[in-house]
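Visitor: What follows is a single structure, and I will ask about it in a moment.
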Amino acid sequence: MELQEKIPVPIFTEVDRDVFLREICPQRRPAVLRGVPLGPCLEKWTVEYLGQKGRDKPVKIHVSTVPQMDFLRKNFVYKTLPFNEFVKRASEKKHSDFFLCEDESYYLRSLGEDVRKEPADLSKQFPDLAEDFHIPHFFEPDQFFSSVFRISSCGLQLWTHYDVGVTCRIFLCYILQILPSGDKSEVLDIDAPDLKRFPEFVKAKRYECVLEPGDLLFIPALWFHNTTALQFGVGVNVFWRHLPADSYDKKDPYGNKDPVAATRALQALERALRALDELPADYQDFYGRRMIHLQFAQSTTFKNSHF
């Protein structure tokens, strides 16, 4: 069976703040931004340089025996390494020193100092490296949420998920290539999905791009995305929050919890569905369909009112 439609992500060059806010962001579609000034990181950030600057700072990393990491089923373990040793291992395809096997895969997603409360910030966790990297000024300073330093082994594929804030994935040395469980997708292998279990997946539109060093991938909020590192990859994810501050969960250091109003609505829906369990199956089906119809009618009204 032929899989879903594949659409190339459009590429924009010479994008400044005005062009981004006027022509790209309002479309709420993925976009590659090429040629945005990012500082000397593009030339400086080699394996050797990163190791020298990061030194022996301990970092918590994901380690897996396979390159396809699955957050729902946790097919990886958490380990801690000195940063310079981690960078060395992540840049290798075979390891003389390893935790699980000689071809294990590594992934770093930098964390805040207090992982339960503080978002990641490159300027705080890696200040020496932050001097080399210039965050694009696409939004107001008070909308900035986090800058997440990411490093991954060649071939590493991350789980499909969405974020609730606007994201720019900035790839400095390296790809972008739905059925959610929370903010994660149950469809792990988007190239070979289980169509018996997920038959509707063929209807999804798939936006694809290959990012060159220095490219920015703009990902609007609530878009599921999946990345594969075609080689040893170094990048920074910058998250901005575009809703009012009180719309977000204040105890969310990762930026992937649903907005407070959405969480309340989902909880109310769960209670409503449980209430229907008291009725016979044909009544459950009838009123379940009414709930779907009501939701669809309201979402259409919202769409016509706001877009």
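Visitor: With aromatic (Phe, Trp, Tyr) and closer than 22 Å to Asn226 by Cα as the only criterion, which of Phe71, Phe83, Phe99, Phe20 stands out? Write out each step before concluding.
Guide: Working: Phe83 fails: closer than 22 Å to Asn226 by Cα; Phe99 fails: closer than 22 Å to Asn226 by Cα; Phe20 fails: closer than 22 Å to Asn226 by Cα.
None of the other options fit; the residue is Phe71.
Visitor: Output the residues belonging to the range 58-94 that are closer than 24 Å to Trp45 by Cα and among the small types (Gly, Ala, Ser).
Guide: If the condition is that a residue be closer than 24 Å to Trp45 by Cα and among the small types (Gly, Ala, Ser), then Ala90, Ser91 are the ones that fit.
Visitor: Tally time: how many residues in the range 108-129 are surrounded by 14 or more Cβ atoms within 10 Å (Cβ to Cβ) and touching a strand residue (DSSP E or B) at 6+ places or on another chain (Cβ under 8 Å)?
Guide: Within the range 108-129, residues that are surrounded by 14 or more Cβ atoms within 10 Å (Cβ to Cβ) and touching a strand residue (DSSP E or B) at 6+ places or on another chain (Cβ under 8 Å) number 12.
Visitor: Name the single residue, out of those in the range 137-147 being open to solvent by less than 10 Å² (accessible area, probe 1.4 Å) and under 18 Å from Pro220 (Cβ atoms), that is farthest from the chain's Cα centre (by Cα).
Guide: Of the residues in the range 137-147, the ones open to solvent by less than 10 Å² (accessible area, probe 1.4 Å) are 138, 146-147.
Subsequent filtering for residues that are under 18 Å from Pro220 (Cβ atoms) retains 138, 146.
On the way: Phe138: 19, Ser146: 12 Å.
The qualifying residue farthest from the chain's Cα centre (by Cα) is Phe138.
Visitor: Suppose we filter the range 193-208 for residues that are open to solvent by 30 Å² or more (accessible area, probe 1.4 Å) and part of a helix (DSSP H, G or I); how many remain?
Guide: 4
Visitor: Still on this structure, I have one more. Kindly establish whether Phe86 is assigned to a loop (DSSP other than H, G, I, E, B), among the aromatic types (Phe, Trp, Tyr) and surrounded by 14 or more Cβ atoms within 10 Å (Cβ to Cβ).
Guide: On the way: assigned to a loop (DSSP other than H, G, I, E, B): no; among the aromatic types (Phe, Trp, Tyr): yes; surrounded by 14 or more Cβ atoms within 10 Å (Cβ to Cβ): yes.
No: the conditions fail for Phe86.
Visitor: I'm told Lys257 meets every condition in (1) surrounded by fewer than 18 Cβ atoms within 10 Å (Cβ to Cβ); (2) farther than 30 Å from Cys154 by Cβ except one. Can you identify the failing condition by its number?
Guide: (1)
Quick grid of which residues meet (1) in contact with a Phe, Trp or Tyr (Cβ under 8 Å, 6 or more places away or on another chain); (2) surrounded by 12 or more Cβ atoms within 10 Å (Cβ to Cβ); (3) outside any loop (DSSP other than H, G, I, E, B):
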{"position": "Gln231", "(1), (2), (3)": "yes, yes, no"}
{"position": "Leu243", "(1), (2), (3)": "no, yes, no"}
{"position": "Asp246", "(1), (2), (3)": "no, no, yes"}
{"position": "Lys250", "(1), (2), (3)": "no, no, no"}
{"position": "Arg271", "(1), (2), (3)": "no, no, yes"}
{"position": "Arg274", "(1), (2), (3)": "no, no, yes"}
{"position": "Leu279", "(1), (2), (3)": "yes, yes, no"}
{"position": "Tyr287", "(1), (2), (3)": "no, yes, yes"}
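Visitor: Now a separate question. Restricting attention to the range 71-83, does a residue exist that is part of a helix (DSSP H, G or I) and under 18 Å from Phe232 (Cβ atoms)?
Guide: Taking the range 71-83 first, the residues part of a helix (DSSP H, G or I) are 83.
Remaining after also requiring under 18 Å from Phe232 (Cβ atoms): 83.
Yes, the range 71-83 has at least one match.
Visitor: Next question, about the same structure. Out of (1) out of contact with any His (no Cβ under 6 Å at 6 or more places or on another chain); (2) within 26 Å of Pro141 (Cα to Cα), what's the single condition that is false for Lys205?
Guide: Only one criterion in (1) out of contact with any His (no Cβ under 6 Å at 6 or more places or on another chain); (2) within 26 Å of Pro141 (Cα to Cα) is unmet by Lys205, namely (2).
Visitor: I would also like to ask the following. Hey, could you check the range 151-174 for residues that are open to solvent by 20 Å² or more (accessible area, probe 1.4 Å) and modelled with pLDDT of 90 or more and say which is nearest to Phe71 (Cα to Cα)?
Guide: Going through the qualifying residues, I end up with Gly155.
The values are calculated or read from the model by the stated rules, or taken from the named source; none is laboratory data. Only a predicted model underlies this, so the values are computations on that prediction, with no experimental measurement involved. Methodologically, a virtual Cβ is constructed for each residue, glycine included, from the backbone with ideal geometry; neighbour enumeration extends over all protein chains shown. Note: accessible area is taken over every heavy atom of the protein model, side chains too, but ligands, DNA and RNA are not part of it. Shrake-Rupley method; radii C 1.70, N 1.55, O 1.52, S 1.80 Å.
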